């Protein structure tokens, strides 16, 4: 099965399984923009899903896993029978595995929630405007740090705790993802079609403007 079809089916599965008000987003940049998470769920925990379909190879999986675990509390690899044996052998025990077989998803093992995340990968999830505001709240003038985002990130990583950065990062992801998620849910039919993934991946200005007002996260 192709990745986009598998992703659409995974979203339907997660929507049926969710136990809180978690929202979903696709193709989320992380690791300072070097990586993109196939899918993330942001709720009581922030969970990333790496999808490996039949046409994918596993050559880069170990490097992807390391980067995911730097900034996401939970990680799940979603795959097919073709790769399941290799995935089980390659990924750490803390990484969850879901297999898609016979038209249905089955949990091979559940992920273990990580608390030991890394500061700089977390702060790289925060937008430039949010970085400026947070740095000001720490009583530092931006002019003392220079204009580049890297300086702001380094400064904030030095000032804040891991837990503070985790909350900032996930709040930022939630805020950016919510308008897309609500547009997706409004336009989705009874099941998710691969074409519906557009709303979870892209941010048309009109869509963002129509949903940004009045939304607050209940998780932080």
If you go through the range 69-104, how many residues are over 17 Å from residue 47 (Cα atoms) and either touching a residue at least 12 places away in the same chain (Cβ under 8 Å) or crowded, with 18+ Cβ neighbours inside 10 Å (or both)?
11
Filter the range 33-46 down to residues that are more than 23 Å from residue 153 (Cα to Cα) and modelled with pLDDT of 95 or more and give me whichever is surrounded by the fewest Cβ atoms within 10 Å (Cβ to Cβ).
38
For residues in the range 16-28 being more than 13 Å from the chain's Cα centre (by Cα) and touching a residue at least 24 places away in the same chain (Cβ under 8 Å), which is nearest to residue 80 (Cα to Cα)?
18
Taking the stated definitions as given, is residue 119 modelled with pLDDT under 95 and on the phi < 0 side of the Ramachandran plot?
no
State which residue is farthest from residue 1 (Cα to Cα) when the search covers only the range 47-57 and only residues that are modelled with pLDDT of 95 or more and either in a loop (DSSP other than H, G, I, E, B) or within 8 Å of the chain's Cα centre (by Cα) (or both).
47
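The values are calculated or read from the model by the stated rules, or taken from the named source; none is laboratory data. Remember, it's a predicted structure, so these values are computed and weren't measured experimentally. When we count neighbours, we look across all protein chains shown, and the Cβ atoms used for this are built from the backbone with ideal geometry, even at glycine.
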